[in-house]
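The values are calculated or read from the model by the stated rules, or taken from the named source; none is laboratory data. Keep in mind the model is a prediction, meaning the values are calculated, not measured. A quick note on method: Cβ atoms are made from the backbone with ideal geometry, for glycine too, and the neighbour counts reach across all protein chains shown.
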Amino acid sequence: MLTIATINVNGIRAASKKGMAQWFGKSNVDMMCLQEVRAPRNELEKAVQEDLAIDWHIYDHEASAKGRAGVAIVSKLPAIDVRTELGPKEFDSAGRWLEADFETPKGTLTVVSCYVHSGEADTPKQVEKYKFLNAMEARMQQLLAGGKLAVVVGDLNVGHTELDIKNWKGNLKNAGFLPEERKHFDNFADQGWVDMGRAANPGIPGPYTWWSYRGQAFDTDAGWRIDYQLATPTLAALGQNYRVDRAPSYDARWTDHSPVLVDYDL
């Protein structure tokens, strides 16, 4: 069994010095896909190897803007290939897309750690988000070819349906729940990608993966489900035990997101 976790750490240096080490010690994960690393390579290595005491393989894609974005994969398994290219050169996807291939007894597994822009309605930030989603959709279509074992995980910053946001009515005109954004997730499903979270929880709200630090959002579970594991049908058939490791209390949180885990029979 291969257990994959995706986590927006909201800064690996801060998370590693809070409760992340305690969570990791109980998680039994084999691979962690991180988003919002917000640290250069040497500081990522220090946080993983010293603060978390993890002696695994580290692959990362640092953001072009210092202290922003950044994605990584920390894995027991060594990668046989790593890629960071996504789409056209005229937009900046640095620190947002990292692909790695791993050999397993059931074939080559491609894992993508992805951090989609948060966006802002009617601003250039939203234009960049749509450029990224368009490029992401094109690449995901390629990853489906030939019945591959592949999974795209991460903070995708879109609630797909009304089941994915507690206060969806109040967010109809906000980035993260705009019709054009949600259409991309319809397209992912139409391509054949399986949303492991929704497959495990059909027809019910949540389970949410992000809550604002403001107000009582966490205590009242007024959250968003924006952290995903999207698997190709071949891999999804091997997936089980989807879960969200929600912190037991507000003061026990070490990031504003929760880890999302799936076990794959590989």
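Details
So that you can scan it fast, the table gives a plain yes or no per residue for (1) touching a helix residue (DSSP H, G or I) at 6+ places or on another chain (Cβ under 8 Å); (2) touching a residue at least 40 places away in the same chain (Cβ under 8 Å); (3) under 30 Å from PHE177 (Cβ atoms); (4) of a type in the set (A, V, I, L, M):
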residue	(1), (2), (3), (4)
ASP30	no, yes, no, no
ASP51	yes, no, no, no
TYR59	no, yes, no, no
GLU62	yes, no, yes, no
ALA79	no, no, no, yes
THR110	yes, yes, yes, no
CYS114	yes, yes, yes, no
LEU133	yes, yes, yes, yes
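- Exactly one residue out of ALA222, ALA150, ALA189 is in contact (Cβ under 8 Å) with a residue 40 or more places away in the chain, of a type in the set (A, V, I, L, M) and surrounded by fewer than 22 Cβ atoms within 10 Å (Cβ to Cβ), and it is ALA222.
- The sole residue among ALA138, ALA150, ALA121 that is more than 24 Å from PRO259 (Cβ to Cβ) and outside any helix (DSSP H, G or I) is ALA121.
- In the range 169-177, the condition of being in contact (Cβ under 8 Å) with a residue 60 or more places away in the chain and either crowded, with 20+ Cβ neighbours inside 10 Å or within 23 Å of THR110 (Cβ to Cβ) (or both) is met by no residue.
- Per-region count, the range 15-44, residues under 22 Å from ARG83 (Cα atoms), over 20 Å from the mean Cα position of the chain (by Cα) and among the charged types (D, E, K, R): 1
- Test: residue in the range 36-44 that is basic (Lys, Arg), buried (at least 16 other Cβ atoms within 10 Å of the Cβ) and without any contact (Cβ under 8 Å) to a residue 60 or more places away in the chain: yes
- The test for being farther than 19 Å from VAL260 by Cα, in a loop (DSSP other than H, G, I, E, B), of a type in the set (Gly, Ala, Ser) and touching a strand residue (DSSP E or B) at 6+ places or on another chain (Cβ under 8 Å) does not hold for ALA53.
- You will find that of SER93, SER113, SER118, the residue that is modelled with pLDDT of 95 or more and within 18 Å of the chain's Cα centre (by Cα) is SER113 and no other.
- On inspection, VAL82 does not qualify as among the aliphatic types (A, V, I, L, M) and closer than 30 Å to PRO248 by Cα.
- Among residues that are part of a strand (DSSP E or B) and touching a His at 6+ places or on another chain (Cβ under 7 Å), LEU98 is included.
- Test: residue in the range 232-253 that is at pLDDT 95 or above, buried (at least 23 other Cβ atoms within 10 Å of the Cβ) and in a loop (DSSP other than H, G, I, E, B): yes
- Extreme residue, modelled with the lowest pLDDT, among residues of the range 153-173 that are over 18 Å from ASP186 (Cβ atoms) and part of a helix (DSSP H, G or I): GLY170
- Close pairs from the range 201-218: first touching a residue at least 12 places away in the same chain (Cβ under 8 Å) and part of a loop (DSSP other than H, G, I, E, B), partner among the polar types (S, T, N, Q) and buried (at least 16 other Cβ atoms within 10 Å of the Cβ), Cβ under 7 Å, at least 6 apart: PRO207/ASN201; THR209/SER258
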